[in-house]
Protein chains: 4
Amino acid sequence: MAQLKYEHIQQEACEANLQLPKLGLVLFTFGNVSAVDRALAVFAIKPSGVPYDELTPAKMVIVDFDANVVEGTLRASSDTKTHAVLYKHWMNIGGIVHTHSTYATAWAQAQRDIPIFGTTHADHNTVDIPCAAPMSDEMIQGDYEYETGFQIINCLKERGLNYEEVEMLLVGNHAPFTWGKSAAKAVYNSAVLESIAHMACLTEKINNTAPRLKDSLIKKHFERKHGSNSYYGQ
Amino acid sequence: MAQLKYEHIQQEACEANLQLPKLGLVLFTFGNVSAVDRALAVFAIKPSGVPYDELTPAKMVIVDFDANVVEGTLRASSDTKTHAVLYKHWMNIGGIVHTHSTYATAWAQAQRDIPIFGTTHADHNTVDIPCAAPMSDEMIQGDYEYETGFQIINCLKERGLNYEEVEMLLVGNHAPFTWGKSAAKAVYNSAVLESIAHMACLTEKINNTAPRLKDSLIKKHFERKHGSNSYYGQ
Amino acid sequence: MAQLKYEHIQQEACEANLQLPKLGLVLFTFGNVSAVDRALAVFAIKPSGVPYDELTPAKMVIVDFDANVVEGTLRASSDTKTHAVLYKHWMNIGGIVHTHSTYATAWAQAQRDIPIFGTTHADHNTVDIPCAAPMSDEMIQGDYEYETGFQIINCLKERGLNYEEVEMLLVGNHAPFTWGKSAAKAVYNSAVLESIAHMACLTEKINNTAPRLKDSLIKKHFERKHGSNSYYGQ
Amino acid sequence: MAQLKYEHIQQEACEANLQLPKLGLVLFTFGNVSAVDRALAVFAIKPSGVPYDELTPAKMVIVDFDANVVEGTLRASSDTKTHAVLYKHWMNIGGIVHTHSTYATAWAQAQRDIPIFGTTHADHNTVDIPCAAPMSDEMIQGDYEYETGFQIINCLKERGLNYEEVEMLLVGNHAPFTWGKSAAKAVYNSAVLESIAHMACLTEKINNTAPRLKDSLIKKHFERKHGSNSYYGQ
């Protein structure tokens, strides 16, 4: 049966989507998660506009890396092409999340990178969270969601950043995208980003000349969790 | 039986009212929703000052478009005349909501339109959320709630806006009103407005020279959800 | 039995105290409510430092208007004398609440009256919420909680305000006190005050020259709910 | 059986850790609590990176004051050495908490002491909440978590403060640490600190020249709860 072939990523995508409202990252249907199967070269993604409490694994739409629907009766998320582009170009990601979470979106609307102010940030990234420029009129009037994927890819490229190290980004005037080894990790990154965005906003309010974190501390905290000698977790 | 005649809008209005506390839009009884039946030319509205957890469909008061009570033993919401005026003049709305939700009310108190800063806003409106001027002393001392309806209608008219496209507005010094094709859609709009109001407040804090969204992006996002070629939802 | 004599106010005070955590107005035990019986000239008040989830009516301490414990095995709230002074001088109040709710306390710490910016405020008060000056060293080193009661009474007196019209006040550097016809009404006032304090804080952030509400609108809204021709509620 | 020997502190540490998400002080696993047994000269601490809803007393790791694991199959919290240093040098503490709670962390990132603005603060401390300087590169590149403990101890020492009176501190660029007679008291202090940090942030926003609390009021409130003649609680 065709259906069972994709059951594992439908299950993974469904569970990850259900985490978004639990973590306070979405209002109504304003967010979507996908999970990929690299061998089959397809991903499972949330159907468009369906409330989270009505989601089931079987409703997840199966799409290939050119954004063609492979299986599913519902229309896929309107952001599907963005997911497809990222999966196609970034070989080592397993899941992608897009939300309009309050604080991260406010930074995107303000068109500012989120400065690295503390160890909570450094535990996850060694650089400011990049805010890609708003897209050009040409891109917007063209294949918009497809181009959104390239805006993300090119922003990292221009800054010399690696998608395996920096797993979160703001699209200027729009909202955050995060990714990771799995859909669950991508959701985790969305929640971390929202927390970092909230704290950074408060930090500037408390001290409008607050300096960025110094390099030694950035390096130390990131390596605690991610270096070859990391000693966080089990 | 007279009662059964209105049961469907009483049910619709009751369910929609119960969404307000669930969505965090009201403290105590500070909000009300109505649902209309165009054929019968009446609407069902929340009774005044009754706690949400005591609401039942049968308690919804039936009122005509001149604000006369047609059926119901409880006193109708003190804002009933505002609802009546809007239903009378706007033929195509099915539901109306009034709340004092925190962030939208703060913008109303600040007497400022909410600038369109991002795609969350553009997904729902192509313009800044209008803040109508505080009402004149004459209107306040006259038939206040009736005049509140005209203040809303005239604000849209003066700005050349269509109530079928812009379904939310702030009354200066007071609070938000939203409407829509149904009571449920009007409630949805209230929650969206509160989220937009929150994000806009943060955006200005993070970047006090944040620019408004550019036209190409406004057009694109609104059309994704609302244009003739919309591709959001099922 | 002596115990049954006070059961009704113990019940009223207990229920009202339990509302504080439900309404998000207290952390741990940082708040207390009392309920009075005018005929018996005593009030029931929360025992000091007892967690809300351990409260029962029988644990409420019965105190007279000179702050003498009449019945009860637990130590009464450390703020008991403030309650006693207010009951003794204000003949028509039935309940008192003291909390350290976040936004109202922030205004108290900022030593500012809360400006009347909108109709949410005017629905409950016609004036700015008064912030009494921090107490003098003499009062602090004297009978502190007793003097706190006089600080509240004198603040209203100096401003020509009536405790039956203005049922909420901030003590500078400290926190809010509210009162009302019943303990439940006093709790309602605490929640309203917190909401007004939050909105006013946001209003100034959105527009740092936001004007106070004009007199005609203040008068209209207050009379809707409180005047002889009020038409709010059932 | 070896296991039963440590059961009481494992139980205490587990229960205290479970309070952190309930009090809204942690996202995912970003926090840890330990509880000490002075006679046995060991403490029980949260295992690293284990979600709170999977914690059981048996999973708590037993560690001595030189940070050697005495019992336990899981890896101890990455902050274990900081706990060990504090227990070794401060004879009279029974529990320690580290979180990245939002408001307290924002002050740490802003590298500012939290000014004592009101009685909520004075009920718990007579001084501004100290923010230790960010650590030196030498300390960071050395035995980082061990040195974090000394940064805390030295900050108090330099300011002439006693760890039995001041039970909370921010490490600059990092986050808060709190302690107390028991693990439960240390958790209580973390929640109080977060509330104080939130209120102080708002106070400065409402009045950017808000003065610190005067000495008479600091003394009075602290003594109400902590002096030899304290009269708060049972």
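Data overview
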{"read-out": "Partner chain coverage, peptide C:215-221 - average Cβ within 10 angstrom", "value": "5"}
{"read-out": "Bins of 10 Å, starting at 0 and running to the largest distance - Cα pair percent for the protein assembly as shown", "value": "2, 11, 19, 22, 22, 15, 7, 2, 0"}
{"read-out": "Equivalent ellipsoid, the stretch D:91-162 (semi-axes from 5 times Cα gyration tensor eigenvalues, Å)", "value": "23, 15, 13"}
{"read-out": "Fluctuation leader among B:Ala183, B:Ala16, B:Ala41 - chain B, Gaussian network, Cα springs under 10 angstrom", "value": "B:Ala41"}
{"read-out": "Stokes-Einstein translational diffusion, the stretch B:18-149 - Kirkwood Rh over all Cα pairs, 1.567 mPa s, 4 °C, in µm²/s", "value": "80 µm²/s"}
{"read-out": "DSSP bridge orientation in chain D - percent antiparallel, rounded to nearest 5", "value": "90 percent"}
{"read-out": "The stretch B:175-218 - convex hull of the alpha-carbon atoms, volume per residue in Å³", "value": "96 Å³"}
{"read-out": "Compactness index (Cα Rg / 2.2 N^0.38 Å), the stretch C:1-71", "value": "1.06"}
{"read-out": "Per-copy distances of the D:Ser230 label point, shortest first, in nm (7 angstrom along Cα→Cβ)", "value": "4.3, 4.3, 6.1"}
{"read-out": "Packing-based ranking, highest mean first, of B:119-131, C:123-135 given that Cβ atoms within 10 Å are counted", "value": "B:119-131, C:123-135"}
{"read-out": "Average beta-carbon neighbours from other chains, 10 Å sphere, peptide D:112-124", "value": "4"}
{"read-out": "Number of partner chain Cβ atoms within 10 Å, mean per residue of D:201-213", "value": "6"}
{"read-out": "Cα-projected label distance for B:Met91 with B:Ala41, points at 7 Å along beta-carbon direction, nm", "value": "1.4 nm"}
{"read-out": "Cβ nearest the rotation axis (A onto D), residue from chain A and distance to the nearest whole Å", "value": "A:Lys205, 5"}
{"read-out": "Cα gyration tensor of the stretch A:58-101 - equivalent ellipsoid semi-axes, whole Å, descending", "value": "17, 14, 9"}
{"read-out": "Measure of compaction for chain A (Cα Rg per 2.2 N^0.38 Å)", "value": "1.00"}
{"read-out": "Nearest-first distances (nm) between copies at B:Asp37, label 7 Å from Cα via Cβ", "value": "5.1, 5.2, 7.3"}
{"read-out": "Helix runs (DSSP H) in chain A reaching 24 Å along axis by Cα, Kyte-Doolittle at least 0.5", "value": "A:183-206"}
{"read-out": "From phi via Karplus (6.51, -1.76, 1.60), per-residue ³J(HN,Hα) for the stretch B:126-137 in Hz, x at Gly/Pro", "value": "9, 10, 4, 6, x, 10, 5, 4, x, 6, 6, 4"}
{"read-out": "Total accessible area lost when A and B pair, probe 1.4 Å, Å² to nearest 100", "value": "3000 Å²"}
{"read-out": "Residues in the stretch C:164-186 occluded by at least 50 Å² - accessible area, probe radius 1.4 Å, against chain by itself", "value": "C:Asn173"}
{"read-out": "Measure of compaction for the stretch C:110-234 (Cα Rg per 2.2 N^0.38 Å)", "value": "1.11"}
{"read-out": "Inter-label distance, nm, simple model (7 Å from Cα along the C-beta direction), C:Glu138/D:Asp137", "value": "6.0 nm"}
{"read-out": "Exam field: A:Met91 pseudo-label spacings to other copies (7 Å along Cα-Cβ), nanometres", "value": "6.3, 6.3, 8.9"}
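The values are calculated or read from the model by the stated rules, or taken from the named source; none is laboratory data. These numbers were taken from a predicted model, which means no experiment stands behind them. Virtual Cβ from ideal backbone geometry, glycine too; neighbours counted across all protein chains shown. With ligands, DNA and RNA removed, areas are computed over all heavy atoms of the protein, side chains included. Shrake-Rupley method; radii C 1.70, N 1.55, O 1.52, S 1.80 Å.
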